[in-house]
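J.: My questions all concern the structure below.
The values are calculated or read from the model by the stated rules, or taken from the named source; none is laboratory data. Being a predicted model, the structure only gives us computed values, none of them experimental. Every residue, glycine among them, receives a Cβ derived from its backbone with ideal geometry; neighbour counts consider all protein chains shown.
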Amino acid sequence: MRVFDILEMESKGCFDFFCNEANWNPKSAGFGLIRDRAPGSPQVASIASVGFGLSALVIGCHRGWISHEKAYERAYGTLETLLKLETIHGFYFHFIDVDSGTRFRNSEVSVIDTAILICGVLTVGEYFGNDIKELAEKIYLRVEWDWYVDRKTSLFYMGYLPEEGHFGSWDFYAEQLMMYFLGAGSPKFPTSGELMYKFERHHDAYGSGSSFVYTPVGSLFTYQFSHAWFDLRNTADRSGIDWYVNSIEAVKANRQYCLDNNDSSKTYGAGGWGLSACDGPKGYIGDYGTLPSGVHLRKHYTDGTVPPYGAAGSVVFMPKECIETLELYYSCFPQCWGEYGFKDAFNLDVSPAWFGNDFIGIDKGISLLMIENHRSGLIWDVFMKNKYVKQGMEKCGIRQLSEVLTA
């Protein structure tokens with residue numbers, strides 16, 4: 001018999017992060033901006049963290065953790081701030097100063113982080129309606145999605161620096177499905193739905209598992225982020241790929257990889273799995289992941305570091321296994337737990353065992369949203385009401401499986 005509800009506890013901790021690590025000073029130019037991490041780097045806000053934080057207001061209101069009046073007030077004020085911040089063709093700098101809202105050092109203008117922000121913006125717009133919905137539409141409609149596309153390749157650029165211009169490209173599958181849907185749905189600066197079929201789709205399986213489209217280093221967040229808002233259950237794209245099932249297979253592969261290597265890792269041997277970008281003993285590493293990986297860029301990296309959000313953010317895909325794993329972490333590794341629920345990561349393979357000190361906004365955000373989608377479907381239900389979201393998915397060829405089977 002369970003004596004604690006790990007999903008409730010982790011959700012509330014995540015929500016508290018977005019409440020306590022935000023700038024709620026009404027006289028500040030950065031009202032509503034949320035720190036990228038805490039307690040480290042207290043001056044740095046992340047625009048993606050703000051996107052998750054806006055969605056957190058909806059969950060907190062639904063759960064009774066914040067009054068409707070206060071949530072409305074904070075959402076409205078945050079959107080007002082976003083309309084005043086510097087953008088380039090409607091896109092935001094990835095990292096900004098939490099007080100001034102100005103670009104932090106040499107941060108890039110980020111398409112994926114802007115997309116995450118827009119998902120949060122549209123979520124509060126649909127949930128609260130009225131003036132907030134009007135502000136949300138203003139923010140979304142001014143994003144010039146087509147400006148961020150390389151005309152020669154029909155791929156989104158990876159990033160943009162004012163000093164250098166665009167660089168890189170989203171030429172492989174990762175967390176960017178949201179970019180195609182949001183871009184295609186824009187009535188003012190639309191991108192073609194065909195962009196979704198231009199990136200390389202590499203298929204493989206791990207062990208005896210089913211084949212799926214995998215990401216370069218097999219980091220779990222790449223299979224999670226778009227699914228936090230876009231409900232892709234029982235759908236397939238024009239090529240027949242069910243992206244929801246694709247993520248299920250990726251989570252299974254990640255877990256099985258750790259099970260298969262538990263003799264060589266104390267962390268995996270103790271039940272740890274869910275490898276994904278996170279803090280580690282050597283600092284933040286984006287290449288934590290599992291097989292299959294290695295798409296013409298780089299291979300996954302492992303050193304025994306596991307982030308709890310790997311399981312928490314996958315709970316919609318493998319509920320039983322993910323919940324059991326979170327309960328294990330809470331019961332066996334109290335050093336992982338803090339004021340905002342699970343800390344970012346831990347590693348039992350170094351001596352002494354390493355437990356991260358920070359909480360990272362996007363990691364707490366994906367945990368919160370996916371847990372809520374598992375519990376109630378709230379974010380999916382709210383977000384999917386948006387007309388631009390529905391139009392964008394339709395233009396990208398996303399259809400219900402029943403329609404695909406009868407076509």
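For (1) of a type in the set (A, V, I, L, M, F, W, C); (2) surrounded by fewer than 21 Cβ atoms within 10 Å (Cβ to Cβ); (3) not in a helix (DSSP H, G or I), each residue gets a yes or a no:
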site: Lys188; (1), (2), (3): no, yes, yes
site: Val217; (1), (2), (3): yes, no, yes
site: Arg233; (1), (2), (3): no, yes, yes
site: Tyr244; (1), (2), (3): no, yes, no
site: Lys252; (1), (2), (3): no, yes, no
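J.: Just for the stretch 36-68: of the residues that are touching a strand residue (DSSP E or B) at 6+ places or on another chain (Cβ under 6 Å) and charged (D, E, K, R), which one is nearest to Thr102 (Cα to Cα)?
T.: Per the criteria, the residue is Asp36.
J.: How many residues, within the stretch 84-99, are surrounded by fewer than 24 Cβ atoms within 10 Å (Cβ to Cβ) and in a strand (DSSP E or B)?
T.: Final tally of qualifying residues: 4.
J.: With respect to Gly313, determine if the residue is in contact (Cβ under 8 Å) with a residue 40 or more places away in the chain and of a type outside the set (A, V, I, L, M).
T.: On the way: in contact (Cβ under 8 Å) with a residue 40 or more places away in the chain: yes; of a type outside the set (A, V, I, L, M): yes.
So Gly313 fits the description; yes.
J.: Residues being out of contact with any Asp or Glu (no Cβ under 7 Å at 6 or more places or on another chain), over 13 Å from Leu82 (Cα atoms) and either modelled with pLDDT under 95 or surrounded by fewer than 23 Cβ atoms within 10 Å (Cβ to Cβ) (or both): count how many of those fall in the stretch 17-38.
T.: Of the residues in that region, 6 qualify.
J.: Next question. Within the stretch 267-305, restricting attention to residues that are within 18 Å of Pro216 (Cα to Cα) and part of a strand (DSSP E or B), which residue is farthest from the chain's Cα centre (by Cα)?
T.: For the stretch 267-305, the residue satisfying everything is Tyr301.
J.: I would also like to ask the following. Among the numbered conditions (1) closer than 19 Å to Glu200 by Cβ; (2) part of a helix (DSSP H, G or I), tell me where Ile139 comes up short.
T.: Of the numbered conditions (1) closer than 19 Å to Glu200 by Cβ; (2) part of a helix (DSSP H, G or I), the odd one out for Ile139 is (1).
J.: Name the residue that is nearest to the chain's Cα centre (by Cα), counting only residues in the stretch 142-173 that are of a type in the set (Asp, Glu), buried (at least 16 other Cβ atoms within 10 Å of the Cβ) and part of a loop (DSSP other than H, G, I, E, B). Steps first, please.
T.: First pass over the stretch 142-173, keeping only residues of a type in the set (Asp, Glu): 144, 146, 150, 163-164, 171.
Restricting the remaining residues to those that are buried (at least 16 other Cβ atoms within 10 Å of the Cβ) gives 144, 146, 150, 171.
From the residues that got through so far, the ones that are part of a loop (DSSP other than H, G, I, E, B) too are 144, 171.
Details: Glu144: 22, Asp171: 19 Å.
Among those that are of a type in the set (Asp, Glu), buried (at least 16 other Cβ atoms within 10 Å of the Cβ) and part of a loop (DSSP other than H, G, I, E, B), it is Asp171.
J.: With respect to Glu73, is the statement that it is buried (at least 24 other Cβ atoms within 10 Å of the Cβ), of a type in the set (D, E, K, R) and at pLDDT 95 or above true? It would help to see each step written out before you state the result.
T.: Details: buried (at least 24 other Cβ atoms within 10 Å of the Cβ): no; of a type in the set (D, E, K, R): yes; at pLDDT 95 or above: yes.
No: the conditions fail for Glu73.
Residue by residue, here is whether (1) farther than 30 Å from Trp354 by Cβ; (2) of a type in the set (Lys, Arg); (3) in contact (Cβ under 8 Å) with a residue 24 or more places away in the chain; (4) touching a helix residue (DSSP H, G or I) at 6+ places or on another chain (Cβ under 8 Å) holds:
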position: Gln176; (1), (2), (3), (4): yes, no, yes, yes
position: Phe189; (1), (2), (3), (4): yes, no, yes, yes
position: Asp260; (1), (2), (3), (4): no, no, yes, no
position: Gly272; (1), (2), (3), (4): no, no, yes, yes
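J.: Restricting attention to the stretch 193-215, and to residues there that are in a loop (DSSP other than H, G, I, E, B) and in contact (Cβ under 8 Å) with a residue 60 or more places away in the chain, which single residue is surrounded by the most Cβ atoms within 10 Å (Cβ to Cβ)? Break it down into steps so the answer makes sense when it comes.
T.: Within the stretch 193-215, the first condition is being in a loop (DSSP other than H, G, I, E, B), and the residues that meet it are 198-199, 201-202, 205-211, 214-215.
Within this subset, residues satisfying the condition of being in contact (Cβ under 8 Å) with a residue 60 or more places away in the chain are 202, 205-206, 214-215.
Values: His202: 17, Ala205: 15, Tyr206: 23, Tyr214: 28, Thr215: 23.
If we take residues in the stretch 193-215 being in a loop (DSSP other than H, G, I, E, B) and in contact (Cβ under 8 Å) with a residue 60 or more places away in the chain, then Tyr214 is surrounded by the most Cβ atoms within 10 Å (Cβ to Cβ).
J.: Can you tell me which of Thr81, Thr102 is over 20 Å from the mean Cα position of the chain (by Cα) and crowded, with 16+ Cβ neighbours inside 10 Å?
T.: Numbers: Thr102 fails: crowded, with 16+ Cβ neighbours inside 10 Å.
Going through Thr81, Thr102 in turn, the sole match is Thr81.
J.: OK, next. Considering only residues that are of a type in the set (D, E, K, R) and outside any helix (DSSP H, G or I), look in the stretch 358-400 and name the one that is farthest from Arg233 (Cα to Cα).
T.: Pass one, the stretch 358-400, residues of a type in the set (D, E, K, R): 358, 363-364, 372, 375, 381, 385, 387, 390, 394-395, 399.
Narrowing the set further to residues that are outside any helix (DSSP H, G or I) leaves 358, 385, 399.
Details: Asp358: 33, Lys385: 15, Arg399: 10 Å.
This residue is Asp358.
Each row is one residue, and each column tells you yes or no for (1) among the hydroxyl-bearing types (Ser, Thr, Tyr); (2) on the phi > 0 side of the Ramachandran plot; (3) in a loop (DSSP other than H, G, I, E, B).
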| site | (1), (2), (3) |
| --- | --- |
| Arg238 | no, no, yes |
| Tyr257 | yes, no, no |
| Ile323 | no, no, no |
| Glu327 | no, no, no |
